[in-house]
Amino acid sequence: MDVRVSPPHIPDHEMLRIIGRGAYGEIWLARSLTGALRAVKVVHRSTFEDERAFNREFKGMSAFEPFSRAHRGFVDVLHVGRGADFFYYIMELADDCETAQRIDPDKYVPRTLKTELQSRRRLPAAECIEIGVLLTQALESLHAQGLTHRDIKPANIIFVRGAPKLADIGLVAATGQHSFVGTEGYVAPEGPGSAPSDLFSLGKVLYEISTGKDRLDFPSVNTDLAERDDKGLLGHLNDVLLRACANDVEARYASATEMLADLHRVQRGEPIPRRRRIGPGAWAVFAVAVIAAALTLWHFFGGSFQNAQHAHGALALSTQPPGAMIVVGDRVAHSPAVLDNLDPGKVSIRVMLADFEPVEKTVEIKRDARLDLGTISLVRSSGAVALSSDPAGAEFELRLDGKSVRSGRTPATLTGIPTGEYEIEVRRGDWKLHDAVQVERGQTATRTFEFANGALAVSSDPAGAEIAVDGTPRGVAPLQIELPSGEHEVAAAYRDWPTERRVVTIENHHEATAAFDFHYGSVKLTSAPGGATVLSGSAEIGETPLLLEDVKPGAVEFELRLPGYQSATVRGSVLPRQQAFLAARLEKKLSPEPGQRWENSLGMQFVPVGPVRFCIWETRVRDYAAFCEATGARVQKTGFAQSETDPAVKVNWYDAEAFCKWLTEKERSENLLEEGQRYRLPTDLEWSAAAGLRDEVGGTAEERDGKVRDLFPWGKPWPPPAGAGNYADVAAKRPRGKFIEGYNDGFAQTAPAGSFPPNELGLCDLGGNVWEWCEEGYKGGTRDWGVLRGGSWANSARGELLTSYRNVVDRSERDVIYGFRCVLVSETAP
């Protein structure tokens, strides 16, 4: 569903269109003043419960920005800023799914790990391990700064120039902050906010891309594992994933450094060392994996265990280092190994281990004898690296896992370098450049580093502005600065004026200019109709039409309010010595008026019940389908046919809460709801009032449960009269004792909304059809068992159909008899 959102004002950027949405805001495709395309994440204050939570997220983003460019596994954050009711950050743009770096703004679709899975289904084990190594290194760097990501999933891993990077860094927070964010199936059992929980999420991502299975299927393996060319490498990777995704946090990797070490072992073909302690959750996962592996080997080797007694000869060998793949004919094993049931005669042996030279031998197998080849010492493969720089003479250092391997000055050709991925740092004065290089067997990898310089002339009017380039103070304007080629942010601060910023592009051997003007401008404000109150922040400054003089240059924002009309926000940019004209046509309010019936954008009808409005129906199949289509939520199968006006079922408490939040955001963006109006589930007491119980005693649902013993949704008689509602009746064809004797409502399962007469308030199905979730828990808190009210099409017991009866279940449980009803409330904006 395309929800129209007005572009926010981001200094020096043209906002083109929305390319992604999340729980906290949108991602925009934007064009900078230099013409460069960027991604801009806008995080709205309105998506947080309070100012404190909003500021906490802004603080996490601000803490991350300075070192986002320090590791190639992070998306580069170029700038962090703040508006009146949002903050934003500007990032490098992901590749296009089809055209990589050749971006057409109208057709652009970001390339993410999610889109890769959609087109390729699954990735080769070696590629998965490379992605795992890079992202684990990025998490190691992030955790070292005391920050966590909290929402690692395929959609948040983008590709820039073909390399995967962690994105949606807007969810980064200080380690230990447990505000619940994340996506089902990727979030660790204990919740987000710690290094082990980030590694759990990454493990689920690697499981999906290596197997092609959903993360909720973990730890099951593919039935075609035996046919995969990379089954050996995949098996070693599985050992890492079993630990990374252990339910017991004590059995999981405690740090990214530990997981990274195991991934490097898998790359080198080495076995994963046993851990001293495995928690009970990990044992359960391990047992499932062992059984699956055993069945795979059984089918792969054709049941060779049963035929062992018919073996004609055997072969034993080991390797240094261990873990190498041994291929004998159509037999595969990992060293150290004993292969039996070999036919007598000459056989060829091939020994292979990543980053080592392969070994081939031909040996003689004798009948009823075992040939012991001892230990084969493998020789590490090597290649070469050729380094150069412009100008020549730069100092370099080649590193492996953070340790220096070679150093010197450019140009240089380094030979005899063991295969693997290395980091390169090249220095010229205080200027450092970084890159990575993959050394392959018998190949020479080349890298060239350019230390190209240009000049920047900075001026200010009046003179004396303090100038900073890329966050580093450089002096007072006017001044001349030598800078490396590329884009730089220049900031000018003059007295108490807002800091002015420019992004300039420095070209080699050329001079660029940046001029800052600190004179006043003015703003003319008008509206149609006129007479609207103008607010700057929370202060009223006049009515339209209004002229404001002596306004400091920079971004300005004003709110216009007029009774009977929707509030409007006008934004603009004031330039020195110029007048900014800001105008708005005010629209009449579309939101519900107090005390009146109302129909929303989905056709859901609401009637007043005390201070809230109740939907007259339970949320219908078509209402919930619109939510699933917009958010990607899964539609659960019911096992029986439903019309689009039947109540949605198999919905747990969290699903219902998510629906209410989505519908609130949707209709606020469409100007159908005002700030402070929102959808939610009814409280236990609100539901009672709607059902006719207005004098219940007790402070919690538990204390009120079942206390009124003689009242049903249809009144006091038992059994229910004909047409009282959709309950367990003879139409359901249930065994004797599971339905109401002699009662027939005409529906075997759910009934369409409005099939039965409403109560005196105009509400349908407060008795029967489906149980309805309430907002609070059984004991009144937010973490207790959930409360359901009203009975369902499957209930027949007298006690369960009392209006005062509370059904108490786990909030995460889904069932074909569970649904929900929305209420619309007006409350003070947070």
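The values are calculated or read from the model by the stated rules, or taken from the named source; none is laboratory data. All values derive from a computational prediction rather than experimental measurement. Neighbour counts run over all protein chains shown; Cβ positions are idealised from the backbone, glycine included. Keep in mind that these areas ignore ligands, DNA and RNA; they rest on the heavy atoms of the full protein, side chains included. Shrake-Rupley method; radii C 1.70, N 1.55, O 1.52, S 1.80 Å.
Where Lys and Arg each count +1 and Asp and Glu each count -1, what net charge lies around Pro462 among other residues with Cβ under 11 Å from its Cβ?
Every neighbour counted, the sum reads -1.
With the contact rule set at Cα under 8 Å and sequence spacing of 6 or more, what percent relative contact order holds for region 656-778?
25 percent
When the chain is fully extended, how far beyond the present Cα-Cα distance does Glu587 get from Asp435, taking 0.36 nm per residue of separation?
49.3 nm
Would you work out which of Ala369, Val612, Gly780 lies farthest towards the positive end of the dipole of the chain? Charges go on Cβ: Lys and Arg +1, Asp and Glu -1.
My answer, from the dipole projection, is Ala369.
In percent, how large is the relative contact order of region 600-724, given Cα pairs closer than 8 Å and 6 or more residues apart?
Relative CO of region 600-724 lands at 16 percent.
Please compute the modelled spin-label separation between Asp695 and Arg495, points set 7 Å along Cα→Cβ, answer in nm with one decimal.
7.3 nm
Would you please state the base-10 log of I(q)/I(0) at q = 0.09 1/Å for the chain, with intensities from the Debye formula using one equal scatterer on every alpha carbon?
So the normalised log intensities are -1.07.
Around Arg798, with a cut-off of 14 angstrom between Cβ atoms, what is the net charge of the other residues, counting Lys and Arg +1 and Asp and Glu -1?
Neighbour charge sum, excluding Arg798 itself: 0.
For a quick check of understanding: with a 1.4 angstrom probe and all protein chains in place, what accessible area in square angstrom does His519 have, to the nearest ten?
Spelled out: His519, probe radius 1.4 Å, area about 60 Å².
As an exercise, find the ratio Rg/Rh for region 609-733 from alpha-carbon atoms, using the Kirkwood inverse-distance average for Rh.
1.00
Just want to confirm a number: the relative contact order over the chain, from Cα pairs under 8 angstrom separated by 6+ residues, in percent.
Computed value for the chain: 6 percent relative contact order.
For the full complex of protein chains and a 1.4 angstrom probe, list His236, His510 by accessible area with the highest value first.
Ranked from most to least accessible, the order is His510, His236.
Could you state how much accessible area Trp617 has, in square angstrom rounded to the nearest 10, with a 1.4 Å probe and all protein chains kept in place?
Surface open to solvent at Trp617 totals about 40 Å².
Take every DSSP beta bridge whose two residues both sit in the chain, then give the antiparallel share in percent to the nearest 5.
Taking every DSSP beta bridge within the chain, about 80 percent pair in antiparallel fashion.
In a shell of Cβ-Cβ distance under 14 Å around Trp687, excluding Trp687 itself, what net charge do Lys and Arg (+1) and Asp and Glu (-1) give?
Local net charge: -2.
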